[in-house]
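Here's the structure, in structure tokens; my notes come after.
The values are calculated or read from the model by the stated rules, or taken from the named source; none is laboratory data. These numbers come from a predicted model, not from an experiment. Counting neighbours? That spans all protein chains shown, and the Cβs are built from the backbone with ideal geometry, glycine included. Ligands, DNA and RNA are stripped out before the accessible areas are found, and what is left, the full protein with its side chains, is counted by its heavy atoms. Shrake-Rupley method; radii C 1.70, N 1.55, O 1.52, S 1.80 Å.
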There are 2 protein chains.
Amino acid sequence: QLLDDLIAFFTPKHLAGQHVLVSAGPTYEAIDPVRGITNLSSGKMGFAVARAAREAGAEVTLVAGPVGLAAPRGVNRIDVKSAQDMLDALLPLAERSTIFIATAAVADWRVASPAAQKIKKEGSGQPPQLSFSENTDILATIAQGPRAKAGRLFCVGFAAESEDLLLNAKAKLLRKQVPLLVGNIGPDTFGQDHNALLLVDAEGSLALPRAPKLVLARTLIREIAARMARQ
Amino acid sequence: QLLDDLIAFFTPKHLAGQHVLVSAGPTYEAIDPVRGITNLSSGKMGFAVARAAREAGAEVTLVAGPVGLAAPRGVNRIDVKSAQDMLDALLPLAERSTIFIATAAVADWRVASPAAQKIKKEGSGQPPQLSFSENTDILATIAQGPRAKAGRLFCVGFAAESEDLLLNAKAKLLRKQVPLLVGNIGPDTFGQDHNALLLVDAEGSLALPRAPKLVLARTLIREIAARMARQ
């Protein structure tokens, strides 16, 4: 911890005066009181980003889905479960943030009618049928809101893909209308301590080769600060 | 840890010479490479049972679904993901165990055809349709196998219910054909450090009131030892 403090002390304060909002981890969509749909996101990348932003001098709030990680020191943490919970937590915070980094792996769909009691397999002998409703797109909602449109909230998206990283990341950059989109390969990063990132913006792309997530997070924070300075 | 060792040292060795197999935690059934279905089981009850069995002098093997807990000292641990993985790990171990305590919250169903690539919401605009296949009943398979039938493997089931605990636990006792079934209320126990148990056997039921999971686990181990001594 002393070492962490020393590192933070000597980190250039690229983000001094900024309010950084980070979403992290998976979401959990209930099927019934005990079962649910989640994903393999461990939250490690988002927690590393929150830490790197704090080291760079920002005020940082981290909105996290269900993960077993400790919050980085000096970071405000809010725990949520479902995609809707996460949206509800983020919307008011985005109004007083200057940077939003959406690392969370948010469920695209929720179960349309979660059961109030545990679904029993003894009943009909039939497996349950699950139907889904689409969740609100958190990143697009915030990135296309008035604050981001007015240039007062710099939005960064993450894309976890299983193939065609550059193609999918470019498509997501346009679809979400964010100035910076960070692609990574989901099965290669989820739960891992290392990752590799592909930063995609209107100009092109920058590959950050495989490294510890904290190292990548610090580079990403510098890239964000540089882009904001150019605006 | 010194305190733990002292407690273990002074615990009566009710299970000396026994080989105890414990399953714990949730299972994870893949929907695609990044998404899956799980449940709110934290594994805490199963890890406490494994520790209590070890304190009571048994050789203990713990087969755990994805949880962030450290294995109790002196306990062999095997990590698994899906219900099928858990069955595959447990079957050979059950052949050399004398007690099997099935605390895991095993998925009743798996996704019939998991997608090889991440399911995209941009495709058809339609939510995905999930169809399910029933998983093999791990407890019933082991409890109705030749070793258990010959009286060489004492099987204990857990039932996590959301209502009608006694009724559901009694039905499960008969259906699984185990000598002891432990009921608890899923939403009250999952993720918690405390729990309350209802031990159900052919004679009747015994309620263990709300207490730390380790305290309950130690009582359960004594109850199992007493039942085996009476056999």
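With a 1.4 Å probe and all protein chains kept in place, how do A:161, B:163 rank by accessible area, largest first?
Numbers: A:161 5, B:163 80 Å².
Reading off the accessible areas and sorting them downward yields B:163, A:161.
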Original post:
Which residue, A:147, A:35, A:77, tops the fluctuation ranking in a GNM of chain A built on C-alpha contacts under 10 Å?
Top reply: A:35
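Can you give the average number of partner chain beta-carbon atoms within 10 Å of each beta-carbon in peptide B:127-137, as a whole number?
Other-chain Cβ atoms within 10 Å of each residue's Cβ, averaged: 4.
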Subject >> Computed helical MRE - 222 nm, chain B, DSSP H runs ≥ 4 contributing -39500 (n - 2.57), nearest 500 >> reply: -9500 deg cm²/dmol
Original post:
Rg and Dmax of the stretch B:108-194, using alpha carbons, in Å: what are they?
Top reply: 18.4, 56
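Among the listed pairs A:13/A:44; A:81/A:118; B:44/B:149; A:120/B:120, which are separated by more than 25 Å between their Cα atoms? Each step should come with its number before you reach the end.
Details: A:13/A:44 23 Å; A:81/A:118 19 Å; B:44/B:149 29 Å; A:120/B:120 30 Å.
Flagged as over cut-off: B:44/B:149; A:120/B:120.
Mean Kyte-Doolittle of at least 1.0 and a Cα length of 18 Å or more along the axis: which whole DSSP H helices of chain B meet both? Show your work: numbers first, answer last.
Values: long enough: B:213-230 (25 Å, 0.42).
Passing helices, by number: none.
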Subject >> Heavy-atom accessible area order for A:4, A:164, largest first, 1.4 Å probe >> reply: A:164, A:4
Original post:
Rounded if a/c is under 1.5, else prolate if a/b is larger than b/c, else oblate: which is the stretch B:157-231, with a ≥ b ≥ c the root eigenvalues of its Cα gyration tensor?
Top reply: oblate
Original post:
Copy-to-copy spacing for residue B:115, label 7 Å out on the Cα-to-C-beta vector, in nm, shortest first?
Top reply: 2.5
**OP:** If a/c stays under 1.5 just call it rounded; otherwise compare a/b with b/c (prolate if a/b is bigger, oblate if not). Do that for the stretch B:1-156, with a ≥ b ≥ c from the square roots of the Cα gyration tensor eigenvalues.
**Re:** oblate
Original post:
Hey, how many Å between the Cα centroid of the stretch A:168-203 and the Cα centroid of the stretch A:81-101?
Top reply: 20
Subject >> Whole-number D in µm²/s for the stretch B:64-122 (Stokes-Einstein; Kirkwood sum over Cα pairs; 4 °C, 1.567 mPa s) >> reply: 92
**OP:** Between A:81, A:120, A:213, find the one with the highest GNM mean-square fluctuation for chain A; connect C-alpha pairs within less than 10 Å.
**Re:** A:120
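Restricting everything to alpha-carbon atoms, can you work out Rg to Rh for the protein assembly as shown with a Kirkwood hydrodynamic radius? Walk me through the numbers before you get to the answer.
On the way: Rg = 24.6 Å, Rh = 23.9 Å.
Taking Rg over the Kirkwood Rh, I get 1.03.
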Subject >> Reachable aspartates and glutamates, given that their alpha-carbon falls under 17 Å from the alpha-carbon of residue A:121 and they are not under 8 places away in the same chain >> reply: A:32, B:29, B:108, B:134, B:137, B:161, B:163, B:164
Original post:
Can you pull the mean other chain C-beta count within 10 Å for peptide A:34-44?
Top reply: 6
**OP:** Would you mind listing the distances between the residue A:78 label point and the same position in each other copy? Use 7 Å along Cα-to-C-beta, nm, one decimal, shortest first.
**Re:** 4.4
Original post:
Tell me, what is the 1.4 Å probe accessible area of residue B:170, in Å² to the nearest 10?
Top reply: 100
Original post:
If the label for residue B:129 sits 7 angstrom from Cα along the Cα-to-Cβ line, what are its distances to the same label in every other copy, in nm to one decimal, shortest first?
Top reply: 0.9
Original post:
Can you give the accessible area of residue B:79 in Å² (nearest 10), computed on protein heavy atoms with a 1.4 Å probe?
Top reply: 100
Original post:
Which chain A residue hugs the A-B rotation axis most tightly by its Cβ, and what is that distance in angstrom, to the nearest whole number?
Top reply: A:68, 2
